[in-house]
Amino acid sequence: MPSITAQNARQSAWLAASVLPGIFGIVTLSVIWKLGMYFPAKTLAQYAEKVLGKFLGKMLAGIYVLFFLMANIVIVREFAEVLTVVFMPETPILVFAALLVLVGGYAVAKGLEVITRAAQFVLPLFLLSLALVMLLSIPDMELGRFRPLLEGGLLPIINGSVAPASWYGQVILIAVLLPAVNKPKEVFKQGLVMLAAAAAVFTSVTASALAVFGPELTGNFLFPVLEMARYVNAARFVQRMEILVMAFWVTGIVIKASVFYYAICLTSAQLLGLKAYKPLVYPVGLVQITGATFLFGSTLELMGFLAKVWSPLALVFELGLPLLLLMVTLMRPTLRRNTR
Amino acid sequence: MFKQLLKKFMGFGGKKGSGQGRASQPQEKRPLSANIDKNLQALRETFDLCGDVIFREFKLNAEPPIRAFVTYVGTLCDEERAGEHVMKALMHETTALPANVRLTQGSALEIVQNRLVTLTELNTSSDLLEVTKHMVNGKLALVIDGSATAIIAGVPGWENRAIEEPDSEPSVRGPRDGFVENLTTNLATIRRRVKTSRLKVENIEVGVLSKQTVSVLYIKGIASDKIVAEVKERIKRIKVDNIIDSGLLQEFIMDEEITVFPLIQTTERPDKTAASLLEGRVALIVDTTPMTLLVPATFITFLQAAEDSYNEAFYATFIRLLRFVALNIALLLPALYIAITTYHQEMLPAKLLNSIAEARSGVPFPAFVEAILMELTFELLREAGTRLPKNVGQAVSTVGGLVIGQAAVQAGVVSSAMVVVVALTAVASFTIPNISASFSIRILRFSLMILAAIMGAPGIMLGLMFILFHLCGLRSFGVPYLSPFAPLSPSDLKDTFIRVPWWAMITRPRLFGAKEPVRQETDNGPVKPGEGGGSS
Amino acid sequence: MKRTRRVVAGVLIIFSLSFLQGCWSRKEIEDLAVVTMIGLDRITEQGVDKWRYTARIMQPKAGQGGQGGNQQSNGAPQGGKELLLTGTGLTMQEAARNTGLRSPRYIFMSFVSTIVVGERAAREGVSEIAEIRGRYRDFRPRTYIAVTNGEAFDVLQSCPEVSDTLYEEIEGLADHKAERIGVACSMDWNYFVQNLLGPDRDAVAPRITTVQPKEDPANGVRQAAFLQGNAVFRGDKLAGWLNEEETLGYILAVGDLNNAIIPITLVEGDKRVAYLVGRFRSTIEPVVGAGKVSFRLKVKTWGEVDETHNIRVNDDSLQWVEAAAADKIRGVVLKAIDKTKELNADVIGFSQELHRTNLEAWGDYRPAWRDNFRKAEIEVEVECKVTRTGRLGKGEAFKD
């Protein structure tokens, strides 16, 4: 991810990674939250039907199922891609994809509570490993590499912001998870904290990659954080940290994939009018495995798709459509009154 | 995923409530009769071919003499006490009765009960089956002619193991007594530690063929009512022949059908049991079992030894962190060895890589086979060491450790690096204080080794995530297994990997002691001379 | 329950599948040919220009570690732990493959500590080397780069003198030792390639040379390698060399070292003083005038006076030492700057500093930045401090 940003925004990538996408995330969050407040205890698919009518609502829900599905396919594929490219080139992508989906599917079958608890457990470890790599890279950082700031004006920054914005925009998941939250009123505040934390992590990761490798190399690397872990050399003894980074990155990806997986299952169950989503877990998993394995031919294809097609498209789903829903809701006062 | 397989083993398709199981035969009442011969006849029939049951007929010293008999399982009762307090009293001391009290067939029961038998544990029963039940529990039955009620007297007299230091949980600091096979002794050791009437002991009898007493212990007002009710409910649901050991009970009352993790804590230590009771947990003591069950259990309790509570806080914290490291070593080290030597060689420093390569160059097996071979050897040795008598067991460990380890390396079957890994794993797994937890670690270790052999470190991580999801889904009597980490409850972290000094343990664990959350006053901390109270 | 059965079946299929296929990326540790150093040369073989790829490979002793050790001590200790393989080919990839022709093991690149580039290869362009990371997934960005003034093949034939293996020795030198004593810069792949890719600076690399040690003929070392001097690149092509003095000037001009041990010898009349630089900082300040850019380089050093021949250590003499040292360092730095100007390569980073601090001026400067750098006036200010005199007392007063 820092790599795509650095290709566009070069030495100002850290800026591109934080400001605009952060604002985008906050806007998305507030739209989602507003909708959630109008329709308490309802998910995106459920209130879409209320707002747009049965047919259009179902269609929107269907589109969102596809969106979540695609998002998770991309996540699974990225996961398998990193592992095969960097660590185990001879292993087929199918194996990693299948195992990730299997573990994710197990979590989804166990329910959202299990996923969140596991996330609670894993998050500190994940952050700790990132922080460790960044701390150990400090001797190799050169702040001069950030300069000159804003070379080439704002346009590269805006271009570079698209990919991170689509990443921050994943707060759209809250639209699906909101009914499961104990205290929905507090979600907005916590969402802001979460966004700020995500922004801090993402910005510091991008910034430290830039400070170590400079804009050219950061843009060239597929996985700058990994290279950073490889570059670490503290006291000529603490080195070769990439496995550590990979290990905790795997845990993070598993959690992320499970949450998306859950969103797919829940939304499609509501689309189909099922009472429980459990019967969908395995078919959806199969679709994901197949999609992740066969949809993209190579790493370059995936990277190109991510940078050129997926990120802009994701912006539409994350902010565009919910905004539309909100506007329709505001324009139809009866709807508002009834659901309050 | 084993559920299906399990069903096959269960024999009859797992049809619940079909009522055909022989374990649920109904038991009607059989009242005693007033005729002593009939009663004698009935009891003799019941205990037909029971060589250890003693019947003794005699006459009460009265005018006219009243026929009576005592019967008991001779091996369970103290003959001397029975003779002293029952026989002697009935046959001789009737003369000491006040003159206005006349011993007749009609008043015999009342007089014997109130004035003659000098035992404190005395009951009556008018049901033959109940009398039988009391007798197999080591009670003496006294039947007097003319009354349809038997007097049941407790003169327990079987052999007991003396209280010893528990083998499975030894400690350096702290009490040395452990539970024994006797319920009353066990209850006594706990009562001596929790001296309050709020400590409740509810006895539930489990078993259809043979009834075994299960005591449910909890402190009223601290333990959650819901948990206590749930425990009792689950125990009452069990319909089996017999509970030989608390291990059987444990598997009947677990939350999850299939898991490798122990969802119920076992301990041999009364002090640990008492401490758990004070935290709001429930203890289950099964008669004839030295292993007490503690519920609800959380994962972290398996990494805590009783001694942690008695040692200095800093030291206890250090030891607990050490144990956590050991847990990770025991779980992961062989898997990591496989993953690193076959997939991620770039992780090793160059020199170490070279020396491992040197060590491995004579070994014909891949690292995975080598690791499995050595780990299995170790498990074999361990099992052999446990099952053999103590002195032979030592010989086995000598043979295993020295001869096989050294010889295997010299013969080129395994590399010396692998021996180091196995030894370290073994040592680490011994530091886990709870046996059942170390069992689950051993099982998971092998699964992770297989995953590591297939996919290296990503395989290990995916496996760990699977385990984590499983753990997060587990509950022990409604309490999340991974609490207080997930869900996080910061105030309960004070007694997990760290142990804060006792004066700082203000509250009980939130999830099972919430009814009376405050354990002690907040100003209990040590006071430096001159600062506190102005006493000097 | 039916679903459970299906899932169990699925899991079993996946697992058995993975077992059937074998474990794809599995390589036992003893099957690896761990490459520790690479040498890259351009050579002409039968009239065809080719790459020659030389690899030093770690060679584990056969048999068990403990027993093998005894046998090892009887044999020749030198070079016994490393193997040298070489191969040629039209492309680097082909050459690399040919290197491994005689080895049954997998070439493992994760432990390459130094890449040695031959002079001819360097003159023809090193962009291939910059791309080496893309070719080997296990290549590490912290791999040292050195250029030799002959053939890399020869350098890799050297024997280790101090360590067991050659790579340890060169790595130790390249990892700042050479820079600390001021004889060659320290350059790893990351810095090198950043300078190659960046629009505003040229790259340098340390020069690696060989020598026949004379000190101890008995230890059997025919040839040893060490770092001395710098290679200067223009673009991706070797432009020339900095000699020992110029290298020192370069290091002082660029550097930012805290643990240096660089002796500056000051001679005046019969006075002979060694000023030992322990720490130095340098800053570049671009001065933008009317259509003209000039630079001011400030070097500040802190050091101690170690050898004091024929002077008494007191405030006056220390002042003299500071002034003389500043003079001397200024001369050295100027020599380095002159040489880089002569080679038409901005390796010290003047243009980079301009780019970073003054975007406006950079716009005009950029199109012909090397020329502009050559034309720019560069002012060097040096300030030396003596922090310690290297003695406890006043020093012994010898009689005349």
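Just so it is clear, none of the values below were taken in a lab; they were calculated from the coordinates. Bear in mind the structure is a predicted one, so any value in this text is a computation, not a measurement. Note that we place each Cβ from the backbone using ideal geometry, even for glycine, and neighbour counts take in every protein chain shown.
Seen against the Cα atoms of chain B and their longest principal axis, helix B:36-46 is set at about 20 degrees. Per residue of peptide A:114-123, the mean number of Cβ atoms on other chains within 10 Å of the residue Cβ is 6. Taking a cut-off of 30 Å between Cα atoms, list the lysines near B:Lys351, but don't count ones fewer than 8 places away on the same chain. Within the straight-line limit of under 30 Å, B:Lys351 reaches these lysines: C:Lys27, C:Lys61, C:Lys81, C:Lys177, C:Lys214. Principal axis analysis of the Cα atoms in chain B yields extents of 103, 71, 48 Å, listed in decreasing size.
Diffusion coefficient (Stokes-Einstein, Kirkwood radius over C-alpha pairs, 10 °C, 1.306 mPa s) for chain C: 65 µm²/s, rounded to a whole number. Ranked by the mean number of other Cβ atoms within 10 Å per residue, highest first, peptides B:347-355, B:143-151 order as B:143-151, B:347-355. Rg ratio for chain A: its Cα radius of gyration over 2.2 N^0.38 Å, N being its residue count, equals 1.01.
Please compute the contact order of the stretch B:183-297 in relative form: average sequence separation of alpha-carbon pairs under 8 Å and at least six residues apart, divided by the residue count, as a percent. That works out to 32 percent. Helices of chain A meeting both criteria, an alpha-carbon length of 27 angstrom or more along the long axis and an average Kyte-Doolittle score not below 0.5, with helices taken as full DSSP H segments, are A:19-38, A:54-82, A:112-137, A:187-220, A:242-272.
Let me know the whole percent of all Cα-Cα pairs from the stretch C:244-367 that are separated by more than 24 Å. Value for the stretch C:244-367 (Cα pairs over 24 Å): 38 percent.
Across chain C, the relative contact order, built from alpha-carbon pairs under 8 Å that are at least six residues apart, equals 12 percent. Among the DSSP beta bridges whose two residues both lie in chain B, what percent are antiparallel, rounded to the nearest 5? Here the antiparallel bridges make up roughly 100 percent for chain B. Value of Rg to Rh for the stretch A:15-121, rounded to two decimals, is 1.06; Kirkwood radius and Rg both from alpha-carbon coordinates.
Entry note: the stretch B:183-297 has Rg to Rh equal to 0.93, where both radii use alpha-carbon atoms and Rh is the Kirkwood radius. Mean per-residue shielding of peptide B:447-459 is 6, counting Cβ atoms of other chains within 10 Å of each Cβ.
Can you give the Kirkwood hydrodynamic radius of the stretch A:61-128 from its Cα pairs, in Å with one decimal?
Its Kirkwood hydrodynamic radius stands at 13.6 Å.
With 5 Å bins beginning at zero, the pair-distance distribution over Cα atoms of the stretch B:313-479 amounts to 2, 8, 15, 18, 19, 16, 11, 7, 3, 1, 0 %.
Counts of other chain beta carbons within 10 angstrom of each beta carbon in peptide B:52-63 average 0. Share of antiparallel DSSP beta bridges in the protein assembly as shown, in percent to the nearest 5? Once the DSSP bridges in the protein assembly as shown are tallied, antiparallel ones form about 80 percent. Counting every pair of alpha carbons in the protein assembly as shown, the share spaced more than 60 Å apart comes to 34 percent.
For the stretch B:80-94, putting each phi into the Karplus relation 6.51 cos²θ - 1.76 cosθ + 1.60 with θ = phi - 60° gives couplings of 5, 5, 4, x, 5, 8, 10, 4, 4, 4, 6, 8, 10, 7, 4 Hz, in residue order, rounded to whole numbers and with x for Gly and Pro. For C:Leu85, neighbours were defined as the other residues whose beta-carbon sits under 9 Å from its Cβ, and their charges (Lys and Arg +1, Asp and Glu -1) total +2. Ordering B:318-327, A:7-16, C:48-57 by mean Cβ neighbour count within 10 Å, with the highest value first, yields A:7-16, C:48-57, B:318-327.
Straight-line cross-link partners of B:Lys272 among the lysines, defined as a Cα under 19 Å from its Cα and at least 8 positions apart when in the same chain: B:Lys195, B:Lys200, B:Lys220, B:Lys494. Sorting the segments C:191-197, B:194-200 by their residues' average number of neighbouring beta-carbon atoms within 10 angstrom, most packed first, yields C:191-197, B:194-200.
Across the stretch B:146-232, Cα-Cα pairs more than 23 Å apart make up 45 percent of the total. Geometric descriptor of the stretch A:273-326, per residue, is 102 Å³ (volume of the convex hull of the Cα atoms).
Cα-based radius of gyration for the stretch B:28-79, normalised by 2.2 N^0.38 Å, reads 1.28.
Taking a straight Cα-Cα cut-off under 19 Å and skipping sequence neighbours fewer than 8 places away in the same chain, the lysines within cross-link reach of B:Lys88 are B:Lys59, B:Lys139. The count of lysine pairs in the stretch A:2-339 that are at least 8 places apart or cross chains, and whose C-alpha atoms lie under 20 Å apart, stands at 21.
I want to verify the translational diffusion coefficient of the stretch B:331-427 in µm²/s; compute it with Stokes-Einstein, Rh as the Kirkwood radius over Cα pairs, at 10 °C and 1.306 mPa s. Each step should come with its number before you reach the end.
Numbers: Rh = 14.1 Å.
The Stokes-Einstein estimate is 113 µm²/s.
Cα-based radius of gyration for the stretch B:36-154, normalised by 2.2 N^0.38 Å, reads 0.99.
In percent, rounded to a whole number, the relative contact order of chain A is 39, using alpha-carbon pairs under 8 Å and six or more apart.
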